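Computed from the coordinates by the stated procedures, all read-outs in this text should not be read as laboratory data. From a predicted model like this one, the values you see are computed outputs, not experimental measurements. Counting neighbours? That spans all protein chains shown, and the Cβs are built from the backbone with ideal geometry, glycine included.
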Amino acid sequence: MGTNSIKKVLPKVKSEGLREVLKECNGTHADLGDRTHSMLLSAGADTKPPHAIAGIMSDMKISVKLMMREDDATVAELMTDGCNMGVKSLSRYLNQYEKASERSKAIARELIDSEDHLAEVLRPYL
């Protein structure tokens, strides 16, 4: 969902600095997604996209917020909210699935760190 949200807001970004931050984060998310997908396939697990309702709700929130105020502060706010929700969900999963493989937990921690870093880097744009 992170990469979809970034792709949706990028055309609205005015600051080159914010654009670069989001592109870098998108690359990190794509890499982590590829690694996760590969791990799931090698384990014989089914890979599914995020629940459709969650994606639709995210797209609606982005569209409505940007219709009301189309600026970098709004983009930063939306992305920060997404980061916070991601950290919360991933932390919950780490606690819930403590017997998961160390490799999968390491990827989850890497994504949490990425989300924390992005939220911090976005603060000057709020």
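Do we find a residue being of a type in the set (Val, Ile, Thr), out of contact with any Ser or Thr (no Cβ under 9 Å at 6 or more places or on another chain) and buried (at least 16 other Cβ atoms within 10 Å of the Cβ) anywhere in segment 62-69? Give the steps one after another, and end with the answer.
Narrowing segment 62-69 to residues of a type in the set (Val, Ile, Thr): 62, 64.
When the remaining residues are screened for being out of contact with any Ser or Thr (no Cβ under 9 Å at 6 or more places or on another chain), the result is 64.
Then keep just the ones that are buried (at least 16 other Cβ atoms within 10 Å of the Cβ); that gives none.
No; the residues of segment 62-69 include none that is of a type in the set (Val, Ile, Thr), out of contact with any Ser or Thr (no Cβ under 9 Å at 6 or more places or on another chain) and buried (at least 16 other Cβ atoms within 10 Å of the Cβ).
Could you list all residues from segment 80-105 that are among the aliphatic types (A, V, I, L, M) and either loosely packed, with under 13 Cβ neighbours inside 10 Å or closer than 20 Å to LEU40 by Cα (or both)?
Scanning segment 80-105 gives LEU90, LEU94, ALA100.
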>> I'm trying to understand the selection: among the residues of segment 1-25, which are over 13 Å from VAL75 (Cβ atoms), part of a helix (DSSP H, G or I) and touching a helix residue (DSSP H, G or I) at 6+ places or on another chain (Cβ under 7 Å)?
In response: GLY2, THR3, ASN4
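Has segment 51-61 got at least one residue that is surrounded by 15 or more Cβ atoms within 10 Å (Cβ to Cβ) and not hydrophobic (A, V, I, L, M, F, W, C)? Lay out the reasoning, then the answer.
Going residue by residue through segment 51-61, those that are surrounded by 15 or more Cβ atoms within 10 Å (Cβ to Cβ) are 58.
Keeping just the survivors that are not hydrophobic (A, V, I, L, M, F, W, C) gives 58.
Checking segment 51-61: at least one residue is surrounded by 15 or more Cβ atoms within 10 Å (Cβ to Cβ) and not hydrophobic (A, V, I, L, M, F, W, C).
When the residues of segment 43-92 are narrowed to those that are in a helix (DSSP H, G or I) and basic (Lys, Arg), which ends up nearest to LEU111 (Cα to Cα)? Before the answer, list the steps.
Step one: of segment 43-92, the residues in a helix (DSSP H, G or I) are 52-68, 72-92.
Now narrow it down to the ones that are basic (Lys, Arg): 61, 65, 88, 92.
On the way: LYS61: 23, LYS65: 25, LYS88: 11, ARG92: 13 Å.
Filtering first and then ranking leaves LYS88.
Condition check ((1) over 30 Å from LYS12 (Cα atoms); (2) of a type in the set (Ser, Thr, Tyr)) across all residues:
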| position | (1), (2) |
| --- | --- |
| GLY82 | no, no |
| MET85 | no, no |
| LEU90 | no, no |
| ASN95 | yes, no |
| LYS99 | yes, no |
| SER104 | yes, yes |
| LEU122 | no, no |
